[in-house]
1. Just to be sure before I move on: is Leu99 open to solvent by 60 Å² or more (accessible area, probe 1.4 Å) and at pLDDT 90 or above in the structure I sent?
2. Go over the candidates Ser107, Ser153 one by one and state the one that is more than 17 Å from Tyr37 (Cα to Cα) and of a type outside the set (A, V, I, L, M, F, W, C).
3. Within region 138-159, can you find the residues that are at pLDDT 90 or above and out of contact with any strand residue (DSSP E or B) (no Cβ under 9 Å at 6 or more places or on another chain)?
4. I need the full set of residues from region 127-137 which are within 21 Å of Pro35 (Cα to Cα), at pLDDT below 95 and aliphatic (A, V, I, L, M), in order please.
5. Can you pull out the residues in region 105-159 that are of a type in the set (Asp, Glu) and open to solvent by less than 20 Å² (accessible area, probe 1.4 Å)?
6. Which residue pairs have Cβ atoms closer than 6 Å, lie 6 or more positions apart in sequence or on different chains, and pair a first residue in region 119-135 that is over 19 Å from Glu96 (Cβ atoms) with a second residue that is among the aliphatic types (A, V, I, L, M) and open to solvent by 70 Å² or more (accessible area, probe 1.4 Å)?
7. Could we say that Ile106 is at negative phi, without any contact (Cβ under 8 Å) to a residue 40 or more places away in the chain and of a type outside the set (Asp, Glu) here?
8. Select from region 76-101 the residues that are farther than 20 Å from Ile8 by Cβ and within 13 Å of the chain's Cα centre (by Cα) and list them in ascending order.
Amino acid sequence: MKKNWEKIGIKHLIECHCTLKIYNGSNNHLFHKFPVYSNYDSTGKLIEKICKCNNCGTLHRVKSICKSEIIRGGKDRNTSEINIEDISLQIDKKIENVLRRYDCDISVWENVLDIIEKEAWEYPVIISREVIDMKYHVKIMEIVSESKIKIISKIIEDEISV
């Protein structure tokens, strides 16, 4: 069976101008990064989109992979961007329940919706990731069909340097 994985978008990080509260007052000033899911058009160009920082609510215009420009700062309300509730109406309840159980962010929901729409079955989606004893422990969901899923747990043996 041929896999349609080449049609799938990409999950990437966008840097905001805010910092997480745990870094307040720290000499190491790290800007917050949040995950975004983006699609490509038929020519292979990233489709521009607007998304909201999951920490401060600032609106970003995503123009290319890992690059955005801030549209408005602060807690902005943007009703035109897709949200988890919109996506939940378009996917099977079984898949929705898994995404809610693992408290997946909007980028994972968008990735799952893309897989279903493009019928890119068995494309792996990481729904949980933890570091235990310097190894990544991940839980992966593979969507086998519109209403059938497979959940796999893996330990990635690569060492993590601190």
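1. no
2. Of the residues listed, the single one that is more than 17 Å from Tyr37 (Cα to Cα) and of a type outside the set (A, V, I, L, M, F, W, C) is Ser153.
3. Ser145, Lys148, listed by residue number.
4. If the condition is that a residue be within 21 Å of Pro35 (Cα to Cα), at pLDDT below 95 and aliphatic (A, V, I, L, M), then Val131 is the only one that fits.
5. Hit for region 105-159 is Asp114, nothing else.
6. That search, which allows pairs on different chains as well, returns Lys135/Ile155.
7. no
8. Asn83
The values are calculated or read from the model by the stated rules, or taken from the named source; none is laboratory data. Only a predicted model underlies this, so the values are computations on that prediction, with no experimental measurement involved. Every residue, glycine among them, receives a Cβ derived from its backbone with ideal geometry; neighbour counts consider all protein chains shown. Only protein heavy atoms, including side chains, enter the accessible area calculation; ligands, DNA and RNA are left aside. Shrake-Rupley method; radii C 1.70, N 1.55, O 1.52, S 1.80 Å.
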